[in-house]
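Worksheet for the structure shown next.
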Amino acid sequence: MVLKVFFPTCCASADSGLLVGRWVPGQSSAVILAVVHFPFIPIQVKELLAQVQKASQVPVAVLGTWCHRQQEPQESLGNFLEGLGTIFSHDPWLQLCRERGTRLWSCKATYPQMSDPLDTHPEEQVMLIFYDQRKLLLSWLHPPPVLPACQMGDTTASTGGLADIFDTVARSEVLFRNDQFDETPVRLSHWQSEGVEASILVELAKRASGPVCLLLASLLSLISAASACRLWKLWPLTFIRSKLSTCEQLHHRLKHLSLIFSTEKAQNPMQLMRKANVLVSVLLDVALGLLLLSWLHSNNRIGQLANALVPVADRVAEELQHLLQWLMGAPAGLKMNRALDQVLGRFFLYHIHLWISYIHLMSPFIEHILWHVGLSACLGLTVALSIFSDIIALLTFHIYCFYVYGARLYCLKIYGLSSLWRLFRGKKWNVLRQRVDSCSYDLDQLFIGTLLFTILVFLLPTTALYYLVFTLLRLLVITVQGLIHLLVDLINSLPLYSLGLRLCRPYRLAAGVKFRVLEKEAGRPLRLLMQINPLPYNHVMDIYRLPRCGCHPKHSWGTLCRKLVFGELIYPWRQREDKQD
């Protein structure tokens, strides 16, 4: 069995001493964490390791000796290092040495507590693996994606071994707090032994963040309690809140702020990364909102938008009037039912007249409304976009009414024709059993059914044409609102912090490791360099994507086409799935 020794690259030039680390018996691996330098008192070293083991729950021990033959004579050091094995007993006992003036390494593993040695050439069975201790400490190993069953066992075993190495280094952070400037009886060499970088501003921010987060968390809890009041649960208010994108987005941002200013400490790296992603998302959202606010309030752009809004609404209403007049004639040379065509056309023209009157009635207040809507951009670009989507819904409410009228009338005729068609075949829809059963009809029922079927068939083209035109207009409005909601969801769910971390410090998000051969020579231990494989960008998006603000039901393309063909209402209204006759 090959014994693997993971040695930190930062200790390659350290002075001679003791190798401190963890022995992983299931993997036959030794993870070296630090080097204890001479001179030292053995009892003080044991006390330090006991404190580290109690704080980190990692079985840290002295695994062997480290000899850097650069300044010390070989004869005087060898006898002393051999005597340390009797004080710090461990099986196996590692003897790692770096030759003076060369790049040659030697590593030997002995078992002093056993009667027989391991081998006559134990160095041939030792594999020396170098790793960057700082990168390994700051990185987080992610589980591999789902693989076929034939590869699952080997992958799980290798991933478990790597996880033990990563976990050992991460949990031993308390050992790395001691540096050469500390007045401690035990001197250590590790990645942070040269000192810890610190900033006065960072320390002040850390101390001030606690009271600030506590105050803001209290304010947010009050706002959440006020929003959960029973007054807001009355029927009209709950209906309005469920239909307005602005209310959904404000509720979504309130959850984000509660998470950011929460005083609870993150339990794992996943929660910490999620909080960081939410913080960056909120900061970017507010920054983009402030840019939009400055653009709106410069050069009186709000007044220009208000002056252009009423003519645009009049032009849209005028185009709808022309469209209805075209439908009331002979559209595309089609022969329509004149009586039904005139009734529907005048009905819709009256609605357009009411809409134009409403727009002119609200025209003196449009600039003030836009000014207050512009101020909402300080809450974030997503809030401003949600308000803009609601304004589009209000400005196109007459188009929605036309669509609902046409869809209901078309749906009524489609279901009527389907019921009458079953009547001709001697069938009927069983409401209780939700199936089609056989049924016998008398002559009067067949005559009335034939008469109604004929009437509905000849009126269907006129109704279908109105339904088709207003459905296309409704889909145009839905497309614009869908693009706005897509942009809002992108800002809400994009893990910007994780993507920036993957771009700037890819070792922080580890998908695995790779090994590069440094030395392969007979009679010498195989030396490898362990490097971290970063997580791919698509996996970063899949793992760290934030939850979306889904304020509208999502339909598949098949469901959407079925609803359009049968005249069922789409977006944002939900429909019952039970079949009706």
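The values are calculated or read from the model by the stated rules, or taken from the named source; none is laboratory data. As the structure is a prediction and not an experimental result, all values here were calculated from the model. Don't worry about glycine lacking a Cβ; one is built from the backbone with ideal geometry, like all the others, and counts go over all protein chains shown. Just so you know, the surface numbers come from the protein's heavy atoms only, side chains and all, with ligands and any DNA or RNA stripped out. Shrake-Rupley method; radii C 1.70, N 1.55, O 1.52, S 1.80 Å.
In table form, for the structure just shown:
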| item | result |
| --- | --- |
| Segment 455-537, relative contact order in percent, only Cα pairs under 8 angstrom and at least six apart counted | 22 percent |
| Distant-in-sequence amide H partners of F261 (H built 1.01 Å from N, under 5 Å) | none |
| Residues L216 and W326, FRET efficiency given R0 of 60 Å [Cβ-Cβ distance, rounded to 0.05] | 0.55 |
| Of K4/K54; K54/K135; K54/K520; K335/K563; K265/K514, those spanning more than 30 Å from alpha-carbon to alpha-carbon | K54/K520; K265/K514 |
| Carbon and sulfur %, accessible surface of segment 394-502 computed with the full protein complex present, 1.4 Å | 74 percent |
